[in-house]
Amino acid sequence: MKISEQLCEKIEEKIATGELSPGSALDEATLIEQYGVSRTPVREAMIQLAAQGLIEIRPRRGAVVTSIGPARLIEMFEVMGELESLCGRLAARRMKDSERDALVAAHEACEKARAEQDSDSYFYCNERFHAAIYAGSHNSFLSEQAMQLHRRLRPYRRLQLRVRNRMGTSFKEHEAIVGAILAGDAEATALALREHVVVQGERFGDLLASLADMAMTAAA
């Protein structure tokens, strides 16, 4: 992996974990000193992150972590729900036994994290869970699109898991998804995944509250 790609992953992870919150400035000189690299890989990493929609590069004003408004965010989650729904529908029909085993293993890892009330661990296990479904669709273009949007929504999906009782609810939804996939029920899988991802009702209020807290933290 190139230095710029390694740097891109490190910055992306800080964005996902909230260490770099929406609106945070990314100073080129600071990154060079922090990671002990030259200007070229930093600029290449910035270009990659901008292409993913994770940062915005503003002429003469530097780069900042992308800040997405509530209305836009809800639209993105709606599209994410449809992409995951389609991945699930195909995965229920196309998954191989080894891929089903990988999905179950990811689900069991989520259960362990939930039992320990470790939202950070659950976040990563949850990513494995969804990635297994994308791969199981056996449609590389669809999988790429789903993964790309998933990356853009990572910080906000992580926020959701910190809401009280969300991990337990998420795990129950996972159980329904796994059961439908193992039964080969494409329509039930599609419906379960759409409902799992789309932000509506109480989740909408929780997300707005989390965004407000994030904005206050960034301002402080």
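Would you calculate, for the chain, the mean residue ellipticity at 222 nm contributed by helices, counting each DSSP H stretch of 4 or more residues as -39,500 (n - 2.57) and dividing by all residues, to the nearest 500?
Working: 10 runs with 167 residues, N = 220.
Per the formula, -25500 deg cm²/dmol.
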With 0.36 nm assigned to each residue of separation and the Cα-Cα distance removed, R162 to E28 gains 45.1 nm
Semi-axes in Å, largest first, for segment 72-150 (Cα gyration tensor, √(5λ)) are 21, 18, 8
In Å, the Kirkwood hydrodynamic radius of segment 9-61 over pairs of distinct alpha carbons?
11.5
Gain in span if fully extended, E195 to L208, counting 0.36 nm per residue against the direct Cα distance
2.8 nm
Show the residues, 5+ positions off or on another chain, whose built amide H is closer than 5 Å to the amide H of G23.
V65, T66, S67
Using alpha carbon centroids, what distance separates segment 156-208 and segment 28-55, in Å?
34
How long are the semi-axes of the equivalent ellipsoid of segment 88-203, defined as square roots of 5 times the Cα gyration tensor eigenvalues? Whole Å, largest first.
21, 16, 14
Testing the spin-label approximation: label points 7 Å from Cα along Cα→Cβ at H138 and L182. State their distance in nm.
2.1
Below 8 Å, C-alpha to C-alpha, sequence gap of six or more: please give me the relative contact order for segment 97-138 in percent.
46
Backbone HN-Hα couplings from phi across segment 9-26 [Karplus 6.51/-1.76/1.60, Hz, Gly and Pro as x]
5, 5, 5, 4, 5, 5, 5, 5, 7, x, 5, 10, 8, x, x, 5, 7, 10
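Any idea what % of Cα-Cα pairs in segment 112-177 are farther than 21 Å?
26
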Per-residue ³J(HN,Hα) for segment 75-86, Karplus 6.51 cos²θ - 1.76 cosθ + 1.60, θ = phi - 60°, Hz, x for Gly and Pro:
4, 5, 5, 4, 5, 4, x, 6, 5, 5, 4, 5
Dimensions in Å of segment 1-101 - Rg and Dmax from alpha carbons:
17.5, 53
How about segment 76-148: which trypsin sites (Lys or Arg not before Pro) there lie in a loop by DSSP and see at most 13 other Cβ atoms within 10 Å?
K96
Starting from 0.36 nm per residue, how many nanometres of slack lie between E175 and D120 once their C-alpha separation is accounted for?
17.8 nm
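For the chain, what D do you get in µm² per second when you plug the Kirkwood radius from alpha-carbon pairs into Stokes-Einstein at 25 °C and 0.890 mPa s?
Value of D from the Cα-based Kirkwood radius: 134 µm²/s.
No value in this document is a laboratory result; all are computed from the given coordinates. Owing to the predicted nature of the structure, the values given are computational and were not obtained by experimental measurement. Every residue, glycine among them, receives a Cβ derived from its backbone with ideal geometry; neighbour counts consider all protein chains shown.
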